[in-house]
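Undergrad: Quick one: the structure is below, questions incoming.
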Amino acid sequence: MSGILVHLPEGNGEDAVTLRLGPGERARFGRGSAGTPVELRLGDETVSRLAGEIHATDDHWQLSNLSNTHAYLVENPEGAGEYLRVPPRRIGAPIPFEFSRVVLPSRRETPLSFQVFAPDHVYLDPHARGGGSRESRTMTAYSLDETATYFLVLVALCEPWLRDRSPAAVPTTPQVVARLRDHPACARLTARAVSSHLDYLADEKLRIDLPDDAGRADRRNGKREAVVGLALKFGIVREEHLALLPRPEASEHRR
């Protein structure tokens, strides 16, 4: 993935917005006004007209907090409570997470937030000589974090094929939610979150290309099947990964 993907969910005072920023590009967020245009509009009176700025670089992204009074939190939804606090007036704070949730304080019951999907992390090829040289850096074709929730979703989608070793129906979104409910990291996993993880896998991690003329339902089903097919074909998900899922008996007992 080159650059970053920024997603403002519906319910933050405006309609849902998704932005793709290439290296060097910026996007401003805040309440905005006619004289202060912003790319991400947060419709809440506690948010400054110009609250902050996102800057995409080659291998990460930076957050500038332009508020004079409010600190912002950058959470790692895939981590065990990891977060960064970006204080007021902090410019260009580097964000190390591959998937982030930026949270702004407000008087609302639900905090204002948006999501940022960062570039894939770069790793050295462990078998290359001269590990310190640029020539030894090798990008994997499909860079997935096996400790992330999106990988659990992928394993759950592939599970019927891996267990039966024969063509099987790909699990639906509600079935994936039920299958992962007993996992400690997925107790609050929702159908909407599963759909977001599927979109991230298909669009950014596995780069699935679907026909533009397909209907919404066909695109969703086609995306799910294409993700599973690619993951199994290239061995991205293998039988040993089933150990990451809760015991099948536990999930069946909860139904």
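Undergrad: Compute from the Cα atoms of segment 15-86 the Rg and the Dmax, the latter being the longest Cα-Cα distance, and quote both in angstrom.
TA: Cα radius of gyration and Dmax of segment 15-86 are 13.1, 41 Å respectively.
Undergrad: Through the Karplus equation 6.51 cos²θ - 1.76 cosθ + 1.60, θ set to phi - 60°, convert the phi angles of segment 147-153 into ³J(HN,Hα) values in whole Hz; use x for Gly and Pro.
TA: With the stated coefficients, segment 147-153 comes to 9, 8, 5, 4, 6, 4, 4 Hz.
Laboratory data are not the source of any read-out in this text; all were calculated from the coordinates shown. For clarity, every value in this text was computed on a predicted model and none was experimentally measured.
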